[in-house]
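Below is one structure, written out as structure tokens, with a few remarks after it.
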Amino acid sequence: MKTQKPSDQHRYRNSAALLLAALACSGCAVGPDFQRPQAPAVNSYTRAPLPATMTSAAVKVDRQWWTAFGSPALNDLVEQAFRHNPGIDSARAALRQAQESTAAQWGSYFPTIQAGYAPSRQKNAVGTISPTLTSGQPLYTLHTAQLSISYAPDVFGLNRRTVESLAAQEETQRFQLQAAYLTLASNVVAAAIQQAALGAQIHATEGVIAAAAKSLAALRHQAGLGFASELDVATQEAALAQAQQSLPPLSRQLEQTRNLLAVLTGSFPAQGGIDDIALDALQLPAPLPLSLPSQLVQQRPDVRAAEAQMHAASAEVGVATANRLPQISISALYGGSATQFSKMFSNDNKFWGLTGNITQTVFDFGTLQHRQRAADAALEQANAQYRSVVLAAFQNVADTLYALDADARTLSAAEATETATRKTLDLTQKQLDLGFVNALVLLNAEQAYQQAKVARIQAIAMRYTDTAAMYQALGGGWEE
């Protein structure tokens with residue numbers, strides 16, 4: 001067995017010491033350490049307190065908040081959308097891509113080991129230049145195998161900040177996936193409510209048309225007997241035509257809403273065999289949840305995504321800073337070469353090498369400096385975008401609170417109007433039975449009652465829609 005030379009041992013010790021020193025320094029990282037932003041110092045969403053009966057701070061938003069509407073058919077629609085909507089598939093793929101990119105960068109913390117084998121058949125011009133082989137043979141087959149190890153100590157945290165940036169981008173994609181789920185559920189619920197409301201409006205409008213047609217027939221009969229004028233008939237004809245004119249747009253909106261629901265659930269419009277949901281099958285969730293303003297930034301995935309983007313930008317400042325500092329790398333090589341495969345690692349056919357390298361950019365016309373300044377500006381931009389998202393989130397909640405307050409008052413007035421017109425209809429029917437009024441008065445009362453029903457349906461649908469918007473504004477029960 002061949003004895004290792006003292007000089008070789010000394011080189012190994014020095015190289016090992018250099019490697020250990022580099023590893024010891026790899027724990028530090030230049031650039032700013034990210035700190036999560038503080039929650040906004042506000043204690044209310046609106047300028048003035050809203051009715052206490054409308055919201056409740058003690059109720060937590062359920063992750064499956066759409067079940068609060070009490071419709072199994074609606075629940076099935078949302079779950080079907082989660083399974084088949086291509087937007088969700090795209091967000092999932094984006095998250096997997098970000099996860100793999102982070103995992104790939106983690107590999108830079110460890111040495112890279114490569115093995116190679118290269119056989120070659122060669123002939124030297126021994127009459128002109130020195131032969132390659134010690135034997136002097138011009139024609140030979142050379143077998144070479146080697147193992148190379150390379151490692152770049154993360155002395156100034158270049159790799160650490162790169163991993164940190166990629167991990168933050170992964171978090172961004174995770175929050176965006178949650179936001180995609182929340183948005184999709186909100187869109188499905190809103191479309192289902194609109195479909196139910198349109199169906200109810202069409203039914204009520206058909207009642208209005210039927211009442212107007214009866215009124216017109218009665219007026220024409222009375223005009224024939226001389227008890228009504230042509231002006232009365234023309235006025236009622238216009239009322240009937242106006243009621244009939246309102247029906248086609250409602251039918252068009254209903255079909256378009258059905259198409260929307262089909263696409264949201266991952267089907268083509270022609271294939272979307274989705275059963276209509278009756279408006280009466282839905283219930284108003286009560287009480288409505290309302291989290292504290294300080295908790296909103298933790299509950300909304302879009303805010304958390306903006307925070308993660310700010311984190312990534314902060315780490316990129318460290319990457320740009322580390323790139324301006326010396327870059328250190330260590331590589332080692334061990335192998336053998338021989339004309340016979342079995343003798344590659346015998347006798348003096350072995351070779352090895354150990355190399356350390358330190359590189360420092362001396363002059364680059366300010367390239368690295370400007371890249372660092374660009375990273376600083378990107379961080380400022382991310383900070384401003386985060387503040388903008390937070391402000392929009394609070395505005396979103398405040399808007400839905402005011403909308404729900406207005407919806408409650410509108411629905412109350414619509415119900416009162418419907419009750420009054422229903423009472424008028426009942427009294428008119430009694431007067432007709434006693435002979436105090438004619439049939440035309442009864443038909444007009446019935447028409448007014450049907451119109452009041454349409455207004456109440458619209459008010460209910462708007463309150464349901466704004467309730468779904470409230471759940472979305474609060475983050476939809478998403479939890480980290």
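Values quoted throughout were computed directly from the atomic coordinates according to the rules given, and no laboratory measurement underlies them. Note that the coordinates shown come from a computational prediction; the quantities given were computed from them, not determined experimentally. In this analysis, Cβ positions are derived from the backbone assuming ideal geometry, glycine residues included, and neighbour counts consider all displayed protein chains.
With a simple spin-label model that places each label point 7 Å from the Cα along the Cα-to-Cβ direction, the separation between Gln385 and Gln245 comes to 4.9 nm. What you get for segment 56-108, charging only the Cβ of Lys and Arg (+1) and of Asp and Glu (-1), is a dipole of about 120 debye around the Cα centre.
Rg then Dmax, both in Å and based on the Cα atoms of segment 323-408: 30.6, 94. Using R0 = 56 Å, the C-beta based FRET efficiency linking Gln295 and Ile113 works out to 0.70. Scanning residues 5 or more positions from Ser246 or on other chains, none has an amide H under 5 Å from its amide H, with H placed 1.01 Å from N in the peptide plane. A simple spin-label model places pseudo-atoms 7 Å from Cα toward Cβ; at Ala281 and Leu147 they are separated by 6.9 nm.
Considering every pair of different Cα atoms, what Kirkwood radius, in Å, is found for the chain? Roughly 30.0 Å, rounded to one decimal. The simple spin-label model puts a point 7 Å past each Cα toward its Cβ; for Thr132 and Arg92 those points are separated by 5.4 nm.
Phi angles of segment 113-125 translate, via the Karplus equation with coefficients 6.51, -1.76, 1.60 and θ = phi - 60°, into HN-Hα couplings of 10, 10, 10, x, 9, 9, x, 8, 10, 9, 9, 9, 8 Hz per residue; Gly and Pro are given as x. Taking amide hydrogens as placed 1.01 Å from N in the peptide plane, the amide H of Leu288 sits under 5 Å from those of Ser56, each at least 5 positions away in sequence or on another chain. Taking every DSSP beta bridge that has both ends in the chain, the antiparallel portion is near 95%.
Evaluating 6.51 cos²θ - 1.76 cosθ + 1.60 at θ = phi - 60° for every residue in segment 74-88, the Karplus couplings come out as 5, 4, 5, 4, 5, 5, 5, 5, 4, 7, 10, 6, x, x, 5 Hz, glycine and proline recorded as x. For the pair segment 261-300 / segment 401-470, the C-alpha centres are spaced 27 Å from each other.
Per-residue extension of 0.36 nm, minus the Cα-Cα distance of Asn124 and Gln99, leaves a gain of 3.8 nm for this segment. For segment 381-470, chymotrypsin sites (Phe, Trp or Tyr not before Pro) are listed when DSSP marks them as loop and at most 16 other Cβ atoms sit within 10 Å of their Cβ; the list is Phe436.
For a straight C-alpha distance cut-off of 17 angstrom, the aspartates and glutamates reachable from Lys423 (same-chain residues fewer than eight places away being disregarded) are Glu415, Asp433, Glu446.
The charge dipole of the chain, taken about its Cα centre with unit charges on the Cβ of Lys, Arg, Asp and Glu (plus for the first two, minus for the last two), comes to roughly 2300 debye. Report the one residue of Phe351, Pro301, Thr321 whose Cα lies farthest in the direction of the positive end of the charge dipole of segment 300-354 (charges on C-beta: Lys and Arg +1, Asp and Glu -1; origin at the Cα centre). Result: Phe351, furthest along the dipole toward the positive end.
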